[in-house]
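S.K.: First the structure, which I've put down as structure tokens, then a few questions once you've had a look.
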């Protein structure tokens with residue numbers, strides 16, 4: 001080689017190692033992530049290590065999670081409250097800081113995270129104060145407000161019921177019994193078909209030694225009144241009262257599991273619509289339980305906390321033994337920790353050649369919740385069916401249409417004929433009247449090569465003048481959130497950051 005006249009390179013072992021490492025880091029991402037769950041009754045968090053890998057297809061910019069490893073999880077905190085019944089964010093901040101310290105991690109060590117707010121934490125004053133605790137991590141963290149439907153789905157995913165249903169090819173009903181509500185999710189082969197929730201839970205009544213009843217929720221008063229028990233703050237619960245209350249709550253839960261029409265009391269306690277009639281006849285292979293009460297039910301918890309959790313589990317255990325619950329009971333794996341373990345995060349660059357961004361000044365947009373829609377694109381496309389799919393998807397995510405910008409994500413298949421795109425455009429616009437009236441951009445993220453064409457159909461034919469951001473070539477799913485950056489001039493490339501909630 002040294003006799004040759006052109007310049008050449010000596011490749012050493014160190015060079016080879018550096019080249020291999022560069023190639024590995026181009027296709028692999030490792031993140032330290034945190035999942036923080038703040039609810040009406042309990043709060044907890046966990047740290048995990050996540051490995052993402054680029055899909056093997058040529059030039060793919062999509063990463064998938066190939067491994068997740070739990071690093072540390074906190075003890076369960078009874079969510080602290082101030083005398084005015086707002087959440088005590090000072091004590092909450094101390095708990096979170098202590099958890100970081102106990103895990104041996106600093107704030108800067110965490111690459112991404114998810115903060116899930118449910119129940120009382122969703123109330124405007126509480127949510128604003130809690131959000132301030134994570135203001136420094138605003139770009140890295142997803143703050144997800146989980147209403148009843150979304151909480152049902154998160155519990156089904158976090159408990160392991162969805163994975164169990166998918167792996168075994170079966171239909172399961174996940175029953176998440178928390179402090180204030182019991183949430184139901186019907187899962188068929190890994191897909192959540194229906195959700196419902198009722199105001200029945202283990203911490204609707206709480207007693208403390210020497211003080212009597214210190215927490216009393218209105219649903220508990222209604223349940224007690226239906227069986228002739230008069231509950232009052234400062235009063236006490238006899239052993240018989242606790243037994244009877246737990247039995248009445250069990251009756252309400254069992255009726256929902258058996259999909260019987262709600263009686264008057266159950267109807268008044270429902271916080272969602274009942275399970276749709278069309279779902280009542282689907283055969284169910286098993287029921288799984290999650291939430292705090294599930295810890296007692298599966299024998300993983302023995303301590304009492306002044307509430308009805310242990311009593312409710314005892315009553316449910318008898319109902320199962322007596323075959324009042326006709327379904328087999330399986331353990332999906334997670335009880336009170338049936339929630340997210342964190343968030344994966346990666347960036348993609350989308351070419352501007354086939355996208356539509358009518359007003360680049362509307363960018364950037366941050367933390368848009370992804371509304372995953374599965375339109376029926378076989379044969380002739382029905383605009384009314386498209387609109388119904390969008391409305392149903394918004395409802396399942398507990399998102400009020402028009403309250404803020406969202407990202408509709410859907411796959412496209414079939415020919416990109418004008419009449420087909422027009423029907424999809426018409427359905428989408430019909431489902432989002434308040435968003436259009438409020439001047440919010442219609443953000444469409446499409447797994448298919450129709451972004452520019454669909455954007456033009458909406459802008460010039462279906463809803464003239466509306467702002468459209470239609471980006472294709474991205475694959476998104478439920479529990480994803482996206483940041484859409486400013487369009488890069490000259491190349492017209494749009495940078496997108498995808499944040500996916502992760503479950504065990």
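No value in this document is a laboratory result; all are computed from the given coordinates. No experiment lies behind these values; they were computed from the predicted model shown. For neighbour counting, all protein chains shown are included, and Cβ atoms are generated from backbone atoms with ideal geometry for every residue, glycine included.
S.K.: Shape of the stretch 79-127 from its Cα gyration tensor (a ≥ b ≥ c, root eigenvalues): rounded if a/c is under 1.5, otherwise prolate when a/b > b/c, or oblate? Please report the intermediate quantities before stating the final value.
M.R.: Values: a/c = 3.41, a/b = 1.75, b/c = 1.95.
Oblate, since a/c reaches 1.5 and b/c is not below a/b.
S.K.: Still on this model: Please work out the Cα center distance from the stretch 339-360 to the stretch 450-504, rounded to the nearest Å.
M.R.: 7 Å
S.K.: Could you please state, rounded to a whole Å, how far the C-alpha centre of the stretch 27-41 is from the C-alpha centre of the stretch 283-329?
M.R.: If we compute the Cα centre of each part, the gap is 28 Å.
S.K.: While we're on this one: Rounded, prolate or oblate: which one fits the chain, using the alpha carbon gyration tensor with axes a ≥ b ≥ c (rounded when a/c is under 1.5, else prolate when a/b beats b/c, else oblate)?
M.R.: Values: a/c = 2.00, a/b = 1.49, b/c = 1.34.
Prolate.
S.K.: Another question, then. Please rank 447, 376, fewest neighbouring Cβ atoms within 10 Å first, as an exposure proxy.
M.R.: 376, 447
S.K.: Can you tell me how the stretch 351-503 classifies by the Cα gyration tensor, rounded, prolate or oblate, using a/c under 1.5 as the rounded cut?
M.R.: On the way: a/c = 1.30, a/b = 1.10, b/c = 1.18.
Since a/c stays below 1.5, the shape of the stretch 351-503 is classed as rounded.
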